[in-house]
Every structure is written in structure tokens, then in C-alpha cells.
Amino acid sequence: MDKKLSSFLILLVILLFSLSTTVFAASDAIGKSKPDDSFLMEAFSEPVPEYVKEPVPTEAPVITKDEKTEQPAPAFSVKRRTYILAGYGSGAVAEDSWFNRQFQLANTDYKATTYGKGPYTLINSILTGGIEVRKGWNNNIMFGLSVFSSVGESPEKIIKVSGGELTGFGRYDISSTFVNVYFYAPISPTLEYYWGLGPGVSSGIIEWREESTKFIITDYENSFDAKGFGGQLFTGLDWRLFDNFLVELNLFYRGMDLKAGNTTVVSLSGGGANIGLVVAF
């Protein structure tokens with residue numbers, strides 16, 4: 001019995017040792033292997049949106065000198081424009097000239113007439129009109145050549161005097177030429193502001209006629225030439241009605257006295273306003 005029991009115990013120990021060895025070998029194999037959990041991510045795989053992708057850097061194209069295009073011109077520019085302007089307006093002139101003093105003396109001589117004064121009206125305002133050509137120099141500057149006529153008139157009047165009539169008339173017609181420079185600036189797409197200045201020369205004819213039948217028929221009529229040099233300042237607005245058609249308002253001050261010899265016979269010094277129509281191309 002003891003022998004049998006000893007053999008049984010030995011066999012049991014051998015079985016337990018073999019079983020433990022097998023269990024440890026299996027657990028070691030399980031520990032060294034990684035679980036395959038790829039099936040868990042298949043349901044969550046989505047494409048990456050474009051906006052979260054990092055941009056791929058690209059090199060800027062190299063532009064050679066020959067490939068460079070001309071820069072666009074400024075929104076406002078008179079560089080490529082030509083203006084042809086026809087204007088008309090009026091102005092006030094100084095009264096202190098030889099011509100007006102003659103009228104004053106004549107009115108004093110005839111102040112005892114029925115009307116208490118002579119027939120002459122002092123010339124203190126003129127009408128002026130003419131044309132001008134302007135050419136753009138750069139984006140904001142234009143040069144102009146203007147030719148215009150200024151007419152001052154003491155209209156013909158007839159007054160009654162004792163035993164007769166007195167007729168008086170005085171007039172001058174002056175032609176002027178000015179070289180001007182204009183500085184432009186935009187106010188809006190259809191409105192332009194400018195100012196400028198320019199020297200000029202003038203020449204014209206002075207006419208004065210007087211007829212009296214008070215006692216005997218007496219006629220007096222004279223005309224002579226006058227010349228002058230001066231300058232002007234001006235400012236104004238151009239209103240663009242169409243691409244090539246504008247209306248212009250011009251305010252000016254002109255300083256110019258016309259002389260015959262050393263005598264200032266007519267004064268054109270004074271301010272005024274012109275309105276003009278402009279064709280641009």
C-alpha cells in the first residue's frame with residue numbers, strides 16, 4: 001500500500017508539473033501577441049476635408065521686364081485730353097480812364113440841358129466772349145491759348161437842348177490773347193475744379209462821336225488805337241455732361257490798362273464771370 005501510494009503521489013506531481021508548464025507557456029504566448037482591433041476603426045474612417053489640409057507652397061511666377069504690363073492710368077487725368085471752349089460773359093471795369101473822364105467832362109458841359117446831364121454813360125462794365133484751346137501736360141495740368149473780344153459801350157443817346165439836339169456815343173472793342181496754365185483736381189466723377197493764371201496782350205479801337213445842333217451843326221468823331229499788357233487769375237468748375245462734352249463756369253480777375261502813347265485811355269482791370277461749352281477729345 002505504501003508503495004502504491006508513493007507511486008501515485010509521484011505520478012500526481014509529474015502531472016501537476018506538466019500542467020503548470022503548459023499553462024505558463026500559453027499565457028506567455030498570449031502576452032507577447034498584440035490584439036487585432038483594426039475592425040474597430042473601420043466604421044470611423046472618413047476623408048480629411050480640403051480646408052484642414054495644409055496648403056502646398058507654390059513659388060511665385062517670375063515676371064521678366066518684357067512681360068510687365070503698363071500700369072493703369074489714374075482715375076482722373078487731363079494728360080491725354082484736349083479742350084476746345086467757347087465762352088461768353090461779362091465783367092466790371094475800373095471807371096478811372098481817359099475815356100470815361102471825357103464822358104464826365106462832356107456831361108458837366110451839358111448839365112444845363114432838359115435832362116440835367118449830358119448823353120454819356122460811363123463804361124464800367126464789358127461783355128466778353130471768345131474761344132480757347134487747352135492741351136493736357138500731365139495728369140493735372142493743362143496749358144491754354146485763349147483769344148477773346150471785350151466790348152464796352154456808352155450807348156448812343158439823343159437829348160434836347162435849346163434850339164437843337166445833342167447826340168453822344170462812345171465805344172471800344174478790344175481783342176485779347178492770353179497764354180494760361182490750369183491746375184485741375186477732381187471733386188466727383190462728373191465735377192472738376194481748377195484754378196490758374198496767365199499773361200496776355202490786348203489791342204483795340206476806341207470810338208467817340210458827338211453831334212450838336214444847338215447853334216450851328218458841329219460834328220466830332222474820333223477813333224484811335226490802344227494797346228496793353230497784363231495778366232489774369234481765374235478759378236472755376238467743369239461739369240461733365242457726357243464723356244466729351246462739358247459746361248464750364250469761370251470766375252476771373254484781370255489786370256490790364258490800354259494806353260495810347262503814355263495815356264491810359266481804357267481800363268480792363270476788374271473781375272467777371274464766363275460760362276462756356278467745352279468739347280473734349
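Any residue in segment 85-93 that is under 45 Å from the mean Cα position of the chain (by Cα) and at pLDDT below 90?
Checked against the condition, which is being under 45 Å from the mean Cα position of the chain (by Cα) and at pLDDT below 90, segment 85-93 yields no hits at all.
Among the residues of segment 239-273, which ones are polar (S, T, N, Q), touching a residue at least 40 places away in the same chain (Cβ under 8 Å) and either touching a Leu at 6+ places or on another chain (Cβ under 8 Å) or not in a strand (DSSP E or B) (or both)?
Listed by number, the residues that qualify are T264, S267, S269.
Across segment 169-212, what is the number of residues that are in a strand (DSSP E or B), farther than 28 Å from W98 by Cβ, out of contact with any Gly (no Cβ under 6 Å at 6 or more places or on another chain) and among the polar types (S, T, N, Q)?
Residues in segment 169-212 being in a strand (DSSP E or B), farther than 28 Å from W98 by Cβ, out of contact with any Gly (no Cβ under 6 Å at 6 or more places or on another chain) and among the polar types (S, T, N, Q): 1 in total.
Sort out which residues of segment 141-171 are farther than 20 Å from E207 by Cα, buried (at least 18 other Cβ atoms within 10 Å of the Cβ) and not aliphatic (A, V, I, L, M), and write them in order of number.
Residue satisfying the conditions is S146 alone.
Taking the stated definitions as given, is R254 under 15 Å from the mean Cα position of the chain (by Cα) and over 19 Å from R101 (Cβ atoms)?
So R254 does not fit the description; no.
Take the residues in segment 179-211 that are over 15 Å from W137 (Cβ atoms) and of a type in the set (V, I, T), then tell me which one is modelled with the highest pLDDT.
Selected residue: V201.
Restricting the first residue to segment 135-150 and requiring it to be under 11 Å from Y182 (Cβ atoms), which pairs with a second residue that is among the polar types (S, T, N, Q) and in a loop (DSSP other than H, G, I, E, B) meet a Cβ separation below 9 Å and a spacing of at least six or different chains?
Qualifying pairs under 9 Å: G136/S77; N140/S77.
The values are calculated or read from the model by the stated rules, or taken from the named source; none is laboratory data. Small disclaimer: the values here were computed from a predicted structure and weren't measured. Ideal geometry is used to build each Cβ from the backbone, glycine not excepted, and the neighbour counts take in all protein chains shown.
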